[in-house]
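Notes for the one structure printed next.
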Amino acid sequence: MKRNIWIDTDPGIDDAVAITAAFAADDRLNICGISAVAGNQTIDIVTHNALWLTELLGREDVSVVRGADRPLIREAYHAGDIHGAYGLGYVNPGGVSRQLSSEQGAAYIYQRIMELPQEEKVTMVTIGPLTNIGLLVRAFPDAAQKIDQIVCMGGSTVEGNITATAEYNIWADPEAADMVFQSGIPIVMCGLDVTMKCILRKDDIDTLEKGDDIQKLLSKMLTFYFDSPAYKGMEAVAMHDSVPVLYLLCPDIFSGEAHAMRVSCTEDMCRGMTVIYDGAYTYANRGLLKNVFVVRDVDGSAFRRELMKLLMNVRRP
Ligand code: RIB
Ligand code: CA
């Protein structure tokens, strides 16, 4: 039985790698749909990239929906310096011929997951800011009954990457993230604790370059990373967004533990910080659930091997 997944994304170079890996595993994953959310780039750019990626991979059958164009409360902050003007590094995706399924992000996600057969559920794979999913769980509380878990690239209990304390996806929309973490839905938090250990190296990019058109495009995207301020001079790049996908495909290479988590929604240096709340006095009094499995560690060589296997073997149907 394939696992139903829904991908919420802001493509984004590492999003593109993760989406390719997910489609490469279509013997195990049934991608019910893809929703775009403003993050790495504007909603127009990330929505276009999501459409373009499904065409590149020959999967125009998978719905793509345009989601939130900005966080619930905060101003949008795009990372053009890291992901490029078109959001895919050195790749200019050009035109797409397929249409959007809807421009009503959260409402469309709700409609589609509620249409699933009664006995089926969906795993939400979130690899961008959580604006769409925060709207979904708040506007449509009964959606939770159809979601078995949310495997989220986001957060950190170690250092941050957008600030000293916060990881970008959570920092970008902390209110939405806190709604999701408090929704009671089981969460798997793939934060910087583990994603910084999930890397591809320059020789992997060279290997991709020797592949077919899909691999060559991924190589062009990833080369931009190595030239970007985030990774200039480094020998490896973190494949943050592929971690939720690999967690679903090979959970045994990961380890972690369950906690109650809150998200700091302040305006100060703690904005977007994901806080382990188990020991807090209010934890006991608020009946907070330890519903967040915080992934802490990974067999990094197994991750790299499995991700490269997926990327090198992806084929159009
Ligand atoms: O912090 C890493 C996250 O921010 C990834 O999802 C990357 O695509 C960016 O959105
Ligand atoms: Ca992303």
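The values are calculated or read from the model by the stated rules, or taken from the named source; none is laboratory data. Fair warning: this is a prediction, and the values are worked out from it, not measured in the lab. Please note: Cβ atoms are built from the backbone with ideal geometry, for glycine as well, and neighbour counts cover all protein chains shown.
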Problem set entry | Odd one out for G94, checked against (1) farther than 22 Å from P141 by Cα; (2) modelled with pLDDT of 95 or more | (2)
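Looking at region 1-21, which of its residues are closer than 14 Å to L218 by Cα and either more than 14 Å from ligand 1 (Cβ to nearest atom) or in a loop (DSSP other than H, G, I, E, B) (or both)?
Pass one, region 1-21, residues closer than 14 Å to L218 by Cα: 11-21.
Scanning region 1-21 gives P11, G12.
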Seminar exercise, completed: Among (1) at pLDDT 95 or above; (2) not in a loop (DSSP other than H, G, I, E, B), A68 falls short only on (2)
Seminar exercise, completed: Reported set for region 115-156 where residues are surrounded by fewer than 17 Cβ atoms within 10 Å (Cβ to Cβ), assigned to a loop (DSSP other than H, G, I, E, B) and among the aliphatic types (A, V, I, L, M) is L116
For this session: Report yes if A79 is within 16 Å of ligand 2 (Cβ to nearest atom) and buried (at least 24 other Cβ atoms within 10 Å of the Cβ), otherwise no.
Result: no
Seminar exercise, completed: Scanning region 218-246 residue by residue, those within 14 Å of ligand 2 (Cβ to nearest atom) and at pLDDT below 95 turn out to be Y225, A230
Exercise. So how many residues does region 239-277 have that are of a type in the set (A, V, I, L, M, F, W, C) and either closer than 18 Å to I73 by Cα or surrounded by fewer than 21 Cβ atoms within 10 Å (Cβ to Cβ) (or both)?
Worked result: 12
For this session: Take A38 and decide whether it is within 16 Å of ligand 1 (Cβ to nearest atom), in a loop (DSSP other than H, G, I, E, B), closer than 24 Å to V237 by Cβ and among the small types (G, A, S).
Result: yes
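When the residues of region 227-249 are narrowed to those that are in a loop (DSSP other than H, G, I, E, B) and touching a residue at least 12 places away in the same chain (Cβ under 8 Å), which ends up farthest from T9 (Cα to Cα)? Full working, then the answer.
Of all residues in region 227-249, those in a loop (DSSP other than H, G, I, E, B) come to 228-235, 239-241.
Within this subset, residues satisfying the condition of being touching a residue at least 12 places away in the same chain (Cβ under 8 Å) are 228-230, 235, 239-241.
Values: S228: 21, P229: 22, A230: 20, E235: 26, M239: 14, H240: 12, D241: 9 Å.
Going through the qualifying residues, I end up with E235.
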Problem set entry | Test for D204: is it away from ligand 2 (no atom under 15 Å from the Cβ), farther than 25 Å from V314 by Cβ, in contact (Cβ under 8 Å) with a residue 40 or more places away in the chain and charged (D, E, K, R) | no
Problem set entry | All positions within region 136-166 that are of a type in the set (A, V, I, L, M) and under 19 Å from I5 (Cβ atoms) | L136, V137, A143, A144, I147, I150, V151, M153
